[in-house]
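The values are calculated or read from the model by the stated rules, or taken from the named source; none is laboratory data. Quantities reported herein were computed from a predicted structural model and do not represent experimental measurements. Every residue, glycine among them, receives a Cβ derived from its backbone with ideal geometry; neighbour counts consider all protein chains shown.
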Amino acid sequence: MIIRGLTGARRLKVRVAVIGAGIGGLTSAALLAARGAEVTVFEKEDWVGGKARRVEVDGAAIDGGPTVFTYRAVFDEVFAACNARLEDHVEVTRAEVLARHAWDDKGTLDLFADPDASADAVGAFAGPEAARGYRAFTAEAQRIFEVLEDPFLRGEKASTPLPMMWRIGPWKLGDMLAMRPFDRMWSALGSHFKDPRLQQLFGRYATYCGSSPFNAPATLMLIAHVEAKGVWLIEGGIHALAKAIAGLAEGQGARVRTGAPVTEILAVNGRTSGVRLASGEVIAADIVICNGDPSALATGRFGEAARHAVPAIPRTKRSLSALVWYAHTRTKGFDLTHHNVFFSRDYAREFREIASGATPSEPTVYVCAIDRGASLADPAPPPGARERLQIIVNAPADGDVHAYSPEEREQCTQAMMATLRRCGLQLEDPLPHRLMTPQDWEGLFPATGGALYGRASHGWAASFQRQGPKTRLPGLYCTGGATHPAAGVPMAALSGQLAARVIARDLASTRISPRAAIPGGMSTRSATTGSTG
């Protein structure tokens, strides 16, 4: 497998500092190190993976952050570019059951890796017409994905649709119309599904990139195809994947420093020259990659030199945040699989409440049952044993303006558990757990309000307004789930690929000045050999 613009090209003799050890930053670090660049990743936390981390509750280590691993080909490409194989670094198992969905007394529905099994399940759940609608929907989702994969998902960032349309081919009018950018997702789903439960189920895919199905374009139906192409389970969760990519980067000569927060991006003569750590240490670098929400740059969290490098994201354009419970609890009453969704009775009200700045009074709840597989044959935990759960409810990105009191946190917990009880799942009460609110996410990812996906994908133009790899400050680049092409684990990796490709191309056309000392710092050694401070 070949990553365009990176394989077989000349060696890169530059120093690269990567701010943040999320999936995007680690991917770009590995690929650039494989090309000979001197790369150091600086991570403020004690772990790699960004949102993909592990949290201890009741003596159990619970997988945090993203839980769904799809679009595996992207990661196979990254490892192949470093002369490695994904399966040699993490234990990966393909899921037979994609997810289990529940609506109180209105039944449950499993979707499967086998598309025919999914169609049969939909038919048994909602009738033959629903099965036909499902097949038509999956065909449309596949076409949208195939139209957009190369020119958009894997392509260069464009500020308007015109460059992407040119990549598709202006003569392919049918393909352009097939993307349905001007149709809202909820309405488009209504043309396939008369059963509101199915409209709700497939509308939920908009939340994968932090958006409302009532405001997102129908283009996002492609997410359903990405999932239908395959869901894999990784032993140790996405955090294990992040550690594997960090190891991959280190194997190529990169250095990963945790507990090393960057406080300032430095510039000389209008170009990046390095970074300053909280310790005061200064690291010289020709290239700086910010693997974080662009809002952190725009609000001056990394100093004045980078403040105007990217536009700010208006608060009204933020994606969803989330209430996330890490729980270690006994369960009963519902046969969980690995991925489970318990729907609210009024989806429109749920998103109206979030849009108004409130947490949902009756939320839809996602439960990742970490200790369960995703096969019908996988055994459940022994009766009476506690199991590890990650539980997610959508919430407004208000963590920078709203403090969640203990009473409100308990109210949110009880609302979540009420949805689960209504659908047949009972957890221990009181629940052994740790809760992350938008306020807590803002603490981990400043200047976001707790928005977990960058800019919301609302309206036809939103995808073109996401930050691309290049910024207004020469030598400063962006990567991660808040940048082009979209949010999510595979998209963050694609952003890392794109950043590495654009940097390599820019270096081929720009001569980097000879290395020089940076005034005012403690260290001017290369990013690879700088002291740990």
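One table, with the values for the structure above:
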{"item": "Candidate set from the stretch 102-129 (those that are touching a Leu at 6+ places or on another chain (Cβ under 9 Å) and in a helix (DSSP H, G or I)); member that is farthest from Leu425 (Cα to Cα)", "result": "Ala117"}
{"item": "Test: residue in the stretch 185-194 that is among the hydroxyl-bearing types (Ser, Thr, Tyr), at pLDDT 95 or above and surrounded by fewer than 18 Cβ atoms within 10 Å (Cβ to Cβ)", "result": "yes"}
{"item": "Per-region count, the stretch 414-438, residues closer than 18 Å to Ile62 by Cβ and surrounded by fewer than 16 Cβ atoms within 10 Å (Cβ to Cβ)", "result": "2"}
{"item": "The stretch 92-102: number of residues that are closer than 11 Å to Gly373 by Cα and either surrounded by fewer than 21 Cβ atoms within 10 Å (Cβ to Cβ) or at pLDDT below 95 (or both)", "result": "3"}
{"item": "Answer from Leu420, Leu389, Leu431 - the residue that is of a type in the set (A, V, I, L, M, F, W, C), in contact with a Phe, Trp or Tyr (Cβ under 9 Å, 6 or more places away or on another chain) and under 19 Å from Arg197 (Cβ atoms)", "result": "Leu420"}
{"item": "Thr413 in a helix (DSSP H, G or I) and touching a His at 6+ places or on another chain (Cβ under 8 Å)", "result": "yes"}
{"item": "Number of the condition not met by Trp47 [criteria: (1) touching a Lys or Arg at 6+ places or on another chain (Cβ under 9 Å); (2) surrounded by fewer than 20 Cβ atoms within 10 Å (Cβ to Cβ); (3) in contact (Cβ under 8 Å) with a residue 24 or more places away in the chain; (4) part of a strand (DSSP E or B)]", "result": "(4)"}
{"item": "Selected residue (only one of Asp105, Asp88 is charged (D, E, K, R) and at pLDDT below 95)", "result": "Asp105"}
{"item": "Filter result (over 19 Å from Asp63 (Cα atoms) and either of a type in the set (Asp, Glu) or buried (at least 23 other Cβ atoms within 10 Å of the Cβ) (or both)) within the stretch 231-253", "result": "Leu248, Ala249, Glu250"}
{"item": "Some residue of the stretch 206-219 being surrounded by fewer than 20 Cβ atoms within 10 Å (Cβ to Cβ), modelled with pLDDT of 95 or more and aromatic (Phe, Trp, Tyr)", "result": "yes"}
{"item": "Within the stretch 312-325, considering residues that are touching a residue at least 40 places away in the same chain (Cβ under 8 Å) and surrounded by fewer than 20 Cβ atoms within 10 Å (Cβ to Cβ), the one farthest from Thr364 (Cα to Cα)", "result": "Arg315"}
{"item": "Filtered residues of the stretch 135-169 (kept if at pLDDT 60 or above and over 26 Å from the mean Cα position of the chain (by Cα))", "result": "Arg135, Ala136, Gly169"}
{"item": "Any hit, the stretch 284-300, residues being surrounded by 19 or more Cβ atoms within 10 Å (Cβ to Cβ), of a type in the set (Asp, Glu) and assigned by TED's automatic domain parsing to the domain that holds Gly25", "result": "yes"}
{"item": "Cross-chain or 6+ apart pairs with Cβ under 6 Å, the stretch 60-74 first and closer than 19 Å to Val226 by Cα, then outside any strand (DSSP E or B) and among the acidic types (Asp, Glu)", "result": "Thr70/Glu227"}
{"item": "Flag for Ala249 being at pLDDT 95 or above and within 22 Å of Gly24 (Cβ to Cβ)", "result": "yes"}
{"item": "Failed item, numbered, when Leu189 is tested on (1) touching a Pro at 6+ places or on another chain (Cβ under 8 Å); (2) touching a residue at least 60 places away in the same chain (Cβ under 8 Å)", "result": "(2)"}
{"item": "Members of the stretch 200-253 that are polar (S, T, N, Q) and not assigned by TED's automatic domain parsing to the domain that holds Arg466", "result": "Gln200, Thr207, Ser211, Ser212, Asn215, Thr219"}
{"item": "Where Cys478 falls short, out of the listed (1) closer than 28 Å to Ala73 by Cβ; (2) not assigned by TED's automatic domain parsing to the domain that holds Ala29", "result": "(2)"}
{"item": "Total residues in the stretch 326-366, condition free of Cβ contacts under 8 Å to residues at least 60 places away in the same chain and of a type in the set (A, V, I, L, M, F, W, C)", "result": "2"}
{"item": "Hits in the stretch 131-157 - residues which are buried (at least 18 other Cβ atoms within 10 Å of the Cβ), among the aliphatic types (A, V, I, L, M) and in contact with a His (Cβ under 9 Å, 6 or more places away or on another chain)", "result": "Ala141, Ile144"}
{"item": "Options Ala260, Ala224, Ala267: the member that is of a type in the set (Gly, Ala, Ser) and assigned to a helix (DSSP H, G or I)", "result": "Ala224"}
{"item": "Residue in the stretch 477-486 that is at pLDDT below 80, among the aromatic types (Phe, Trp, Tyr), touching a helix residue (DSSP H, G or I) at 6+ places or on another chain (Cβ under 7 Å) and surrounded by 16 or more Cβ atoms within 10 Å (Cβ to Cβ) present", "result": "no"}
